[in-house]
Each structure stands twice: as structure tokens, then as C-alpha cells.
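Novice: I'd like to ask you about the structure that follows.
The values are calculated or read from the model by the stated rules, or taken from the named source; none is laboratory data. Keep in mind that what you see is a predicted model, and the values were worked out from it rather than measured. Quick reminder, even Gly has a Cβ in these numbers, built from the backbone with ideal geometry, and neighbours come from all protein chains shown. For accessibility, only protein heavy atoms count, side chains too; no ligands or nucleic acids. Shrake-Rupley method; radii C 1.70, N 1.55, O 1.52, S 1.80 Å.
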Amino acid sequence: MMDQKVARLLNDQINKEFYSAYLYLEFANYYAAAGLDGFENWYKVQAQEERDHAMLFYQYLQNNGEKITFEAIAKPDCSLSDTMAPLKAALKHEQYVTSLINDIYAAAYDVKDYRTMQLLDWFVKEQGEEEKNASDLITRMELFGTDAKGLYMLNSELGARVYTAPSLVL
Ligand code: FEO
């Protein structure tokens, strides 16, 4: 039987990951309207990854015989004033998600739930990558995004991102 605080936090995380997917779809939607299909593609792929994260938590709870409760997914909370805004909001959001993963890890650590800690090791590493990607994108937008040709090139590059399934298999 899993500790109920750990189980509840893992259950909550399913919702948070689906919210992340929803938020990134909102960014994709914004860039589509702005004519930046490469940025749109980037965030559509990102949204797919977030759905994968949700499903990993879902499957983990299922595998451990825990009951799952779905809650409403909130409306994306963002006001996108310019083409830089989604990039900054994404970094802030990933930093928040890292704090959530850390909180679950701390709860699992407290009750010596080594199985959950092992699951979360993958997410801790993943969050490091997510934050770096988000931060790098801001830097590149600052460097190249103010020049039309630079923005065109960056958009083309982001358009080449392809979805790959997560390396973690439960
Ligand atoms: Fe599921 Fe972007 O963290």
C-alpha cells in the first residue's frame, strides 16, 4: 500500500502535467496566429511530451493498485503580449513543475518509498533538461529574434523538432 500523501501528490501531478500540455497548446495556438509555424510546432511537440508525463504518472499509480481521481483542467493562465512572452512563461512554468516534482520526492523520501523515488529520478533529470531548453530558447530569441532574418531562421529550426516517445517505460 502506497503512503496516501505520496499517492495524492502523484495523482495531482497527472492533472498538472495535462495542464502543462494545455498551456503549451495555448502557446502553439498563439504562434500559429502570429504566422510562426516553427514555434507552433515546438510547443505542439512540447504538449505531446507533457501528455506522456501525465500518462507515466497514471500508469505508475495503476501499476501500484492506487485509485486515480481526475479533476478539472484549468484554463491556461497567461497573457501573451508579444512573441517573447510564451518563452518566458514556459521557463517560469517549468521551474514551478520542478518544485512540484521535488515536493513529491521529499514526501517519498520521508516514508522511504524507494520505488517512487526511482520513478522520480527520471523526472528530476527531465526537469533539468526542460528548464535548460526553455532558458536556451529565451537566449536565442534575445540574440536573433529582433532581426527578421534571424527570426525566420529560428522559426525554421524549431519547425524541425520531432516528437520522440519518453525513454522511461513503466
Ligand atoms: Fe512535464 Fe515540462 O514538465
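Novice: Which stretch or stretches of the range 26-43 have amide N atoms under 18 Å from the point lying 7 Å from LYS92's Cα along the Cα→Cβ direction?
Specialist: The answer is 26-28, 30-31.
Novice: Let me check the size of the chain from its C-alpha atoms; what are the radius of gyration and Dmax in Å?
Specialist: In order Rg, Dmax, the Cα atoms of the chain give 17.2, 58 Å.
Novice: Take the Cα coordinates of the range 17-73, assign each an equal point scatterer, and use the Debye formula without solvent to give log10 I(q)/I(0) at q = 0.21, 0.31 Å⁻¹.
Specialist: -0.74, -1.10
Novice: Counting helices only, and only those DSSP H runs with n ≥ 4, report the 222 nm mean residue ellipticity of the chain as the sum of -39,500 (n - 2.57) divided by its residues, in deg cm²/dmol to the nearest 500.
Specialist: Roughly -26500 deg cm²/dmol at 222 nm, from the helical runs in the chain.
Novice: Calculate, for the chain, the solvent-accessible area per residue in square angstrom, rolling a 1.4 angstrom probe over the heavy atoms of the protein chains.
Specialist: Solvent-accessible surface per residue comes out at 55 Å².
Novice: Now for a separate question. Tally up the carbon and sulfur contribution to the accessible surface of the chain as a whole percent, 1.4 Å probe, everything protein left in place.
Specialist: That fraction is 54 percent.
Novice: Using only Cα atoms, find the angle between the long axis of helix 4-33 and the longest principal axis of the chain, and express it within 0 to 90 degrees, rounded to the nearest 10.
Specialist: Result, in degrees: 10.
Novice: Here's a follow-up. Keeping all protein chains in the complex and leaving out DNA, RNA and ligands, what accessible area do you get for LYS5 with a 1.4 Å probe, in Å² to the nearest 10?
Specialist: 110
Novice: May I pose another question? To the nearest whole percent, what portion of all C-alpha pairs in the range 100-170 is separated by more than 18 angstrom?
Specialist: Looking at the range 100-170, the distances longer than 18 Å represent 57 percent of pairs.
Novice: For a test of the definition: using alpha carbon positions, the gyration tensor, and the 1.5 limit on a/c, classify the range 1-100 as rounded, prolate or oblate.
Specialist: Prolate.
Novice: Same structure again: Between ALA85, ILE68, TYR96, whose Cα lies farthest towards the positive end of the dipole of the range 51-110 when Lys and Arg beta carbons carry +1 and Asp and Glu beta carbons carry -1, centred on the Cα centre?
Specialist: Of the options given, the answer is ALA85.
Novice: Along the principal axes of its C-alpha atoms, what lengths does the range 75-120 span, in descending order and rounded to whole Å?
Specialist: Computed over the range 75-120, the largest-to-smallest principal extents equal 46, 17, 12 Å.
Novice: Quote the charge dipole size of the chain about the Cα centre in Debye, to the nearest 20; the model charges only the Cβ of Lys and Arg (+1) and of Asp and Glu (-1).
Specialist: The dipole magnitude comes to about 180 debye.
Novice: Which entries of LYS16/LYS44; LYS44/LYS88; LYS125/LYS149; LYS92/LYS112 show an alpha-carbon separation above 23 angstrom in the structure shown?
Specialist: LYS125/LYS149; LYS92/LYS112
Novice: What is the magnitude of the charge dipole of the range 108-170 about its Cα centre, with +1 placed on the Cβ of each Lys and Arg, -1 on the Cβ of each Asp and Glu, and no other charges, expressed in debye to the nearest 20?
Specialist: So the dipole magnitude of the range 108-170 works out to roughly 160 debye.
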